[in-house]
Structure formats: structure tokens, C-alpha cells
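The next block holds one structure in the form of C-alpha cells; read it before the comments.
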Amino acid sequence: MDRLISGAADYLSVNCFLNAYVREFDDWRYAASPAEWQVLGFPSQALVIPLGHQTVWIGVKYWSLCGRHRFAMPARCEGEHCREDRQMGFLALAKVLVENAAIQTNGTIGAMARFLERIIESHRNLEMLLALREAEIGKLMRDPLTFCEAEQALLIGHSVHPAPKVRQPMTLTEAIQYGPEGGSGFALAWMRVRDHRIHYRSADNQTLQQRIQLLVANDANLSEVLADTPEGYTLIPAHPWQVRRLQQLPALQTAFAQQEITVLEPQGQRWSATSSMRSLYAQNAPYMLKFSLSVRLTNSVRHLQPAEAERGCLISKVLATATGQQFTQRFSQFDIMEEPAYLCLLDDGGAQIPESMMVFRDNPIRERSDWQYNVLATITQDHPFAEPGRLSNLVGEVAQTQRVSKEQAASLWFDAYLDVAVKPLLLAQADYGILFGAHQQNIVLALQQGLPVHCFFRDCQGTGFSDVGVRRFHLDQNALGESAENQIHSDMAIKLFAYYLIINSTFGVISAMGAEGMIDEADLVDRLRAFFLTTLSPKLQDQSFIKTILESEELWQKGNFICSLADLNENTLADPVSIYRAVSNPVCSGLTKPSLRASTTC
């Protein structure tokens with residue numbers, strides 16, 4: 001592997017890995033590096049982690065007030081168990097820190113071994129991806145991109161996760177073919193299914209056949225296939241990788257044997273995986289299609305659960321009410337990509353099969369010459385070669401267009417982001433009791449001359465309702481929410497919503513701006529605090545979340561490291577908050593400068 005690519009994979013991997021580690025463990029300190037090391041090029045500051053008979057020093061390129069730091073490779077080792085050259089690459093560093101974490105958490109040897117396998121696989125996948133996209137990296141970080149290009153420009157994925165590129169059990173070839181990195185897309189598989197084998201739910205009166213006809217109407221190659229579907233059967237789309245797993249399921253053996261389900265060859269227009277991989281996009285299609293995939297991505301095997309799919313229908317029903325319409329009309333620069341319908345296959349006893357679930361997501365993206373559509377995670381990601389990233393280049397465009405300094409442009413960009421993205425999501429919670437899982441991969445920004453001018457939220461499966469939402473939409477008095485399982489009590493609601501919207505998304509923006517020298521993070525934290533103070537009003541239905549951000553010294557961070565180390569499937573946890581950990585809240589008064597010591601609240 002080319003040394004440049006290998007070094008870039010180490011750099012990106014160690015940032016994701018260590019940012020997760022330092023949020024969940026408190027066995028480290030932030031200290032000045034020995035002067036003799038600095039002469040040799042080691043950074044002046046380091047993360048220091050004692051490990052029994054050895055101590056690891058990782059150079060710090062940037063220490064973030066908001067918790068997403070940047071580190072330097074190789075690390076250095078001190079002590080009797082160190083290698084002769086005392087240098088450690090990423091995988092060696094990951095191994096000793098995973099072993100150290102397993103001791104602290106009483107982890108099993110088997111779970112630790114599986115975790116290490118995923119870390120190695122993630123690093124390998126990232127190396128191959130960077131090699132595949134090396135010639136395009138400059139464009140991905142700098143140039144105007146279409147919606148699809150921006151989705152496929154997310155090189156690393158989750159920026160605070162120890163194994164962000166794991167895709168088990170896919171082969172590397174499959175991961176490239178069916179992931180966003182391949183770029184060329186693929187045709188859908190299609191199945192002819194006996195009607196009694198299909199469970200279909202819709203928030204409106206549109207039938208499954210009508211939705212399929214809409215898909216076919218935008219894909220002339222499929223009209224003959226639809227016409228050949230016999231009475232009593234329905235043509236439905238399937239993910240070509242997942243359909244092979246469906247054919248192997250014992251619950252569907254009878255259906256396939258009796259030709260109640262017939263799999264057709266992949267055909268029709270090409271669809272492209274988005275940054276979330278199991279969600280597919282075709283430019284002119286009326287829907288994006290989200291499938292279950294029997295693949296572990298970050299913390300979960302990505303099987304859509306019936307309750308998740310029901311939440312999409314519930315959001316569409318809620319938005320169709322008078323109160324829901326009031327919300328959508330109140331924020332003209334904000335749209336929700338609704339998920340008004342879903343389907344899945346049924347086993348011999350009529351039970352739903354999660355592995356076969358598919359969601360119809362409305363596709364509002366219509367490419368226009370004056371807008372770019374960029375997912376927030378692509379905007380804030382680190383450049384593989386430690387050069388200015390996409391956000392830095394967007395802010396530079398604002399500075400040039402408006403003839404202001406880069407610091408002023410960063411403030412303008414951040415204010416625009418707060419206005420079009422954070423404010424609607426915040427008031428959806430505070431005035432309507434709707435809790436959107438607004439992490440960086442669920443926020444798509446429309447950009448004009450570098451500035452955010454519109455926001456699209458996606459992934460309604462992650463939504464919930466507080467007590468305010470239950471009351472405002474009468475969810476306790478009718479059948480709207482009976483099977484969605486998303487009524488969330490206040491304490492849990494605040495923890496989850498703060499993690500997604502504030503820690504993951506907004507602190508991600510602030511950290512990226514600070515790391516690239518656009519503006520001091522403390523200035524942006526002050527602006528964020530002022531924004532919350534301005535938004536806080538006695539007229540709000542629920543002031544608890546805003547007051548928590550302003551007054552609590554701690555917020556709650558999802559424990560991606562511990563979740564992965566324990567080999568948990570986040571998607572099926574009975575208590576999602578059980579993997580969350582407390583971290584310092586810089587928005588709270590008195591926390592305006594980075595700490596040089598480990599947080600003791602983790």
C-alpha cells in the first residue's frame with residue numbers, strides 16, 4: 001500500500017478511535033511533550049495513557065473545546081515492553097488500548113477479539129477506499145458537488161467511533177460495489193411476491209401498487225417487467241446483496257420453493273448508495289429506498305425493525321394534522337424527508353421478517369444550478385492528508401463572496417447553520433414535542449455561495465415524542481402511535497436529543513472550524529449560548545432542553561467504544577441510554593476554554 005495512503009488511513013482511524021476513547025475513559029492526561037521529542041518533530045502537546053509497564057504518548061495536533069480532537073501518528077511508547085524504535089502505528093496502538101479498556105470494563109476475551117477484528121477490518125477498508133478515491137480527494141474537499149457526489153464523499157463515516165468503516169460480513173469487493181465508495185451504482189433486484197406474503201403499511205391512501213407504478217414510470221426499462229406480473233402477485237424492489245440473504249432464511253424457504261416469491265435479475269436504472277449505505281438514491285426517482293441489510297455498520301446489524309418503520313408512518317400522519325402543518329409552515333427553510341410507507345415479507349405464520357423490511361422515503365432533492373446539497377458529515381470531516389477540509393473551503397468561499405475575513409465568514413456560516421437547521425429542530429422539540437435524531441448524517445444542507453440556506457432532515461425511524469408531543473398530537477387518545485414505541489420520558493429525551501443535535505452535529509461543526517483555524521471555538525460556543533438564550537422564552541411549551549444546555553455542566557455522549565467492545569447491537573438494546581456516558585458541557589457558563597486535564601465525569 002502507498003505510504004501516503006497508509007499514513008492517511010492511520011491518521012483518520014486514530015482520530016475516530018481516540019476521540020471515542022477519551023470520551024469514555026478517564027485514564028489519560030493532556031500534557032506537554034518532552035523537549036527532546038519536539039526537536040525530532042513530535043507535537044508539543046500529547047495525550048498520555050499509562051498502561052502498566054508502559055506509557056503511550058500520542059501527539060496532539062489540535063485539542064478541541066467541544067471534544068473532537070486531532071492526533072498525530074506514529075505514537076511513542078515508554079517502558080520495558082516497548083519496541084526498540086518506541087514508535088507505534090495505529091493498529092499496534094489500538095491493540096494495547098483495547099486490551100486496557102477490556103480490563104477496565106471486565107470485557108470477555110471473545111468480545112475483545114471480535115472488536116479487534118472489526119478495528120482491523122475498518123482500517124483495511126479505509127485504506128482501500130482512499131486508494132480507490134485518491135485522485136478525487138481534492139475535488140471532494142473543495143469543488144461543488146451534486147447530492148449524490150456529496151453522499152459518496154463521506155470517506156470515514158462516524159468521526160467518533162473506534163471502527164467506523166466496519167462492514168461485516170461483506171467482502172471488500174462487495175463493500176466497494178454496494179457502498180457509496182464505488183461511485184458507479186448498481187441496479188436493483190426485483191421480486192414477484194404473492195400478495196398474502198407482503199405486509200404493507202402507508203400513512204396515506206396510496207396503495208403499494210401505485211407506489212411501484214411511480215417507480216416504474218421513472219424507469220422505462222421496468223415497464224415490461226411490471227406488465228408481466230401475474231394477478232395476485234406484486235412486483236417489489238430488493239437490494240441485490242440482501243436478496244441473497246433472504247433466499248437463505250429458513251422462514252422463507254417454503255415461499256421460495258412454492259414460487260410465492262420469485263427473484264428476478266437486477267435490472268433497470270442504476271441506484272447509488274448514500275452515506276448511510278442501506279439508503280439508495282436515483283436522481284429522478286420519486287423515492288429514496290431504505291432497506292434492511294444484514295451488515296454490521298458501526299454499532300448495529302442494520303435490520304429495520306417494525307417499530308422503526310411505523311415511526312416513519314407516524315411522522316407523516318402527525319405532519320398532516322393541523323398542528324403538524326403549522327410546524328412545516330413556520331419553517332420555510334426546513335423540510336423533512338418523509339417516510340410515509342414501508343413493506344416487508346411475511347413468514348408462514350404471518351409474522352413480519354425484519355431482514356426484508358424496506359422503507360419508501362420521499363425524494364425532495366432536485367438538482368438546481370444555484371444550490372449544492374451536502375450532508376453535514378461530509379462538510380465537517382477531516383481531510384485525509386491534513387489539508388483544509390470541505391468546511392474550510394466553504395467558509396473561504398463565503399469570505400471571498402462577501403469580502404469579509406475568514407473569521408467573520410465562519411461566524412456567518414455558523415449563524416446560518418443555526419438558523420436553517422438547529423432552530424427548526426430545537427423548536428420541534430420545545431414547541432411540538434417531536435424529537436428528531438439529528439446527527440450529522442441525517443442533516444442535509446442546501447448551500448448557496450457557500451452558506452447554508454435550507455435544511456433537509458432524514459431518517460424518521462429515529463424520531464420520538466415527549467410528553468408535549470403526546471399531548472399536542474393526541475397520541476394517547478388514538479391509534480397513531482400504538483406500535484411505534486417512541487414515546488420518550490423527559491430525562492431520556494434530553495439525553496438523546498442533546499447527543500444528536502448538539503454533541504454530534506453542532507459541536508462537530510465547532511470543532512471542525514476551530515481545528516482548521518477559522519475561528520476560536522470559544523467564540524462559537526459563546527454564539528451558541530447566545531442563540532439558546534435568545535430562543536428561550538416563557539411561551540415555549542417545554543423549556544427543559546434549552547435550560548439543560550444552558551445550565552448543566554454535563555451532557556450525555558453515546559458510548560460507541562464501550563458498545564463496540566462489549567459486542568452489543570445498539571439497535572436491539574432494551575435501554576438505549578445504558579451505553580451513554582457523561583461529558584463536560586462547554587455551553588454551560590464557566591466552561592469557555594479547553595481543559596488540559598482529563599474529564600472526571602466520563
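A few notes on this one:
- Inter-centroid distance (Cα atoms) of region 157-207 relative to region 1-33, Å: 30
- In units of the compact-protein estimate 2.2 N^0.38 Å, region 197-237 shows a Cα radius of gyration of 1.19.
- For region 507-552 versus region 218-245, the gap between their alpha-carbon centres in whole angstrom: 48
- Relative frequency of Cα-Cα separations exceeding 18 Å in region 3-120, percent: 51
- Each peptide in 495-504, 381-390 gets a packing score, the mean of other Cβ atoms within 10 Å over its residues, and the list from highest to lowest is 495-504, 381-390.
- Here the Karplus relation 6.51 cos²θ - 1.76 cosθ + 1.60, evaluated at θ = phi - 60°, turns the backbone of region 290-307 into coupling constants of 10, 10, 5, 10, 7, 10, 8, 10, 6, 9, 9, 6, 8, 9, 5, 9, x, 5 Hz, with x for every Gly and Pro.
- The stretch between R368 and Q329, if pulled fully straight at 0.36 nm per residue, gains 11.8 nm over its current Cα-Cα span.
- Amide H contacts for L264 (H built 1.01 Å from N in the peptide plane; partners 5 or more residues away or on another chain; cut-off under 5 Å): W190, M191, R192.
- Separation between Cα centres of region 126-148 and region 39-112, rounded to whole Å: 29
- Close amide-amide hydrogen proximity is noted between S64 and H69, R70, each under 5 Å apart and 5 or more residues distant or on a separate chain (H modeled in the peptide plane; Pro and chain starts excluded).
- For the chain, the longest principal axis of the Cα atoms and the long axis of helix 423-432 meet at an angle of about 60 degrees.
- Rh by Kirkwood over Cα pairs, then Stokes-Einstein D for the chain at 1.002 mPa s and 20 °C, µm²/s: 85
- Rough spin-label spacing in nm, given labels placed 7 Å along Cα→Cβ, for H489 and Q400: 5.4
- Averaged over residues, the count of other Cβ atoms within 10 Å places the peptides 539-552, 424-437 in the sequence 424-437, 539-552, highest first.
- Only DSSP H runs of four or more residues enter the estimate; each adds -39500 (n - 2.57), and after division by the residues of the chain the mean residue ellipticity at 222 nm equals -11000 deg cm²/dmol.
- Between the helical axis of 109-133 and the longest alpha-carbon principal axis of the chain there is an angle of about 80 degrees.
- Straight-line cross-link partners of K165 among the lysines, defined as a Cα under 27 Å from its Cα and at least 8 positions apart when in the same chain: K61, K95, K139, K290, K495, K558.
- Rounded tilt (10° steps) of 390-402 against the dominant C-alpha axis of the chain: 90
- For region 434-474, the fraction of C-alpha pairs more than 12 angstrom apart is 64%.
Readers should treat all values here as calculations from the given coordinates under stated rules, not as data from a laboratory. Predicted model, so just to flag it, every value in this text is computed and none were measured. Reconstructed Cβ throughout: ideal geometry from the backbone, glycine too, with neighbour counts over all protein chains shown.
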